[in-house]
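Each remark here refers to the structure printed beneath this line.
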Amino acid sequence: MSERVCLVHYHEIGLKGKNRATFENRLLGNLNHALRGLGLKKVRRISGHLLVESEDGNATPQMARAIAQVPGVARVSLAYRCSQDEEEYCNAAVHALAEVDAPWETFKVHARRSATNYERHSLDMNRLVGSVLCEAFPAKVVKMHKPDVTVVVHAVQGDVYVYTDTGPGVGGLPVGTAGKVVPLFSSGFDSPVATWMVGRRGAICVPVHFSGRPMTSDASEWLCQDLVEALAPAGIIGRMYVVPFGERQREISLKVPQSLRVIMYRRVMFAVGEQIARIEGAKALVTGESLGQVASQTLDNIAAADEMCSMPVLRPLIGSDKQEIMRRAEQIGTHEISSQDAPDCCTLFMPRRPETHARMREVHEAWDMIDHDEIIEQLVRDVEYVDYDQCPSYRPPRELRARHKELAPAEW
């Protein structure tokens, strides 16, 4: 029988013109990384697609599912690769249709010919394969519009690929084609989803988590590590930074008006995040803010935090409501982890009535009540990190060498 392979389809990459090869090669490298340990033989470019071959010549649904989670993949098809021999690819079409799991009554054949060295026209291929399938499945009905199953027969570069099983990918662009960003990362629902969304657009993500330690436990740090692991199939995260923020939060809470505490916390977070971003060579911060969702996410309070940052701040969830965010969390596998409660800096020293529409004059007065430069410098100096072997495009900076001992792998 013919070899089973995975045929990778993309959309946006095909529109990149002269830069298309750069995006294809980046996606090829990311797929090689994502398929380690799954019996991968090689990934190579063919006309308009990437071809994934397994060592035993029998690509599996598990490989197809792993491929579908890699940004840049629009669809993935578990296909039979045949020669241009008509009997071989007709037999493959019979096998492909017989393997359809869901109940079906109608089908059609969609033949394409990208190989100019193949003499049969696509219409002739349609008739040939269709007649064979009608003989093999006499009780089934050919239906040209909205059939239950479509059998694709694609002649390209000397081979013919036959498949019915096509699953959707996450789409977007390959990670590593859009630079590096630093998400402000918590164990809640919003920031992991925001991180995934910018990673899906090709950005390498280096999240920074502000922990309430030592005023709280380190539970939020472990949950954040679990979230990073849940996002591993997408290959978007190379390193996570952890900033022990608890003592400095307490200091801030004792010196500034209660209603402005959260704004002061966020101004410090943005300033520390930007310094880490500059060390990393990142071009933007990312937050999980949704307009008006909580007190700190009104336009006035967003502006008060943005004042601390001279680089762009990306907010991919700004127009989303909580239900939309939670549905996306379920889709990417972070919902269950984010549902767990853990004390962190977001719940530490919270005011009873936080300011919802801060005036910049009052914000500046409160800001001058604390030694903000020393606080920011100390937090950057004490930052810890954990590296992850997920993102082949990530290159660590030479600075910030303090590894996080508790979350570190055993070999450290």
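The values are calculated or read from the model by the stated rules, or taken from the named source; none is laboratory data. Not measured: the values here are computed from a predicted model. Virtual Cβ from ideal backbone geometry, glycine too; neighbours counted across all protein chains shown.
One line per residue, one yes/no per condition, for (1) over 28 Å from V175 (Cβ atoms); (2) in contact with a Cys (Cβ under 6 Å, 6 or more places away or on another chain); (3) surrounded by fewer than 21 Cβ atoms within 10 Å (Cβ to Cβ):
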residue: L15; (1), (2), (3): no, no, yes
residue: R20; (1), (2), (3): no, no, yes
residue: L38; (1), (2), (3): no, no, yes
residue: V70; (1), (2), (3): no, no, no
residue: H95; (1), (2), (3): yes, no, yes
residue: F107; (1), (2), (3): yes, no, no
Pairs only if they're at least six apart or on different chains, beta carbon under 9 angstrom, first in the range 128-140 and free of Cβ contacts under 8 Å to residues at least 60 places away in the same chain, second exposed (fewer than 12 other Cβ atoms within 10 Å of the Cβ) and hydrophobic (A, V, I, L, M, F, W, C); list them, first residue then second. A136/A98; F137/A98
Any hit, the range 131-145, residues being within 14 Å of T164 (Cβ to Cβ) and loosely packed, with under 13 Cβ neighbours inside 10 Å: no
Those residues of the range 224-276 that are buried (at least 19 other Cβ atoms within 10 Å of the Cβ), touching an Asp or Glu at 6+ places or on another chain (Cβ under 6 Å) and farther than 24 Å from D387 by Cβ come to a total of 1
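Tally up the residues in the range 64-110 that are assigned to a strand (DSSP E or B), hydrophobic (A, V, I, L, M, F, W, C) and under 33 Å from the mean Cα position of the chain (by Cα), please. Lay out the reasoning, then the answer.
Here is the first cut: in the range 64-110, the ones assigned to a strand (DSSP E or B) are 75-82, 106-110.
From what is left, the residues that are hydrophobic (A, V, I, L, M, F, W, C) are 76, 78-79, 82, 107, 109.
Adding the requirement that they be under 33 Å from the mean Cα position of the chain (by Cα) leaves 76, 78-79.
Selection size over the range 64-110: 3.
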Of the conditions (1) in a helix (DSSP H, G or I); (2) in contact with a Gly (Cβ under 8 Å, 6 or more places away or on another chain), S290 fails just one. Which one is it? (1)
Extreme residue, nearest to N30 (Cα to Cα), among residues of the range 144-169 that are touching a Lys or Arg at 6+ places or on another chain (Cβ under 6 Å) and in a loop (DSSP other than H, G, I, E, B): G169
Where residues in the range 311-337 are small (G, A, S) and under 18 Å from P207 (Cα atoms), which of them is surrounded by the most Cβ atoms within 10 Å (Cβ to Cβ)? A329
Tally time: how many residues in the range 243-275 are part of a helix (DSSP H, G or I) and out of contact with any helix residue (DSSP H, G or I) (no Cβ under 7 Å at 6 or more places or on another chain)? 11
Examine the range 112-120 for a residue that is among the basic types (K, R) and either under 20 Å from P61 (Cα atoms) or at pLDDT 95 or above (or both), and state whether such a residue exists. no
Could you grab me the full set of residues in the range 1-42 that are without any contact (Cβ under 8 Å) to a residue 60 or more places away in the chain, out of contact with any Ser or Thr (no Cβ under 8 Å at 6 or more places or on another chain) and aliphatic (A, V, I, L, M)? L15, A21, L28, L31, L35
Flag if G199 is touching an Asp or Glu at 6+ places or on another chain (Cβ under 6 Å), among the small types (G, A, S), under 26 Å from P71 (Cβ atoms) and crowded, with 24+ Cβ neighbours inside 10 Å: no
Going by what's in this entry, would E119 be described as of a type in the set (D, E, K, R) and in a helix (DSSP H, G or I)? no
Within the bounds of the range 355-378, is there any residue that is more than 33 Å from the chain's Cα centre (by Cα), among the charged types (D, E, K, R), modelled with pLDDT under 90 and in the same structural domain as Q258 (by TED's automatic domain parsing)? yes
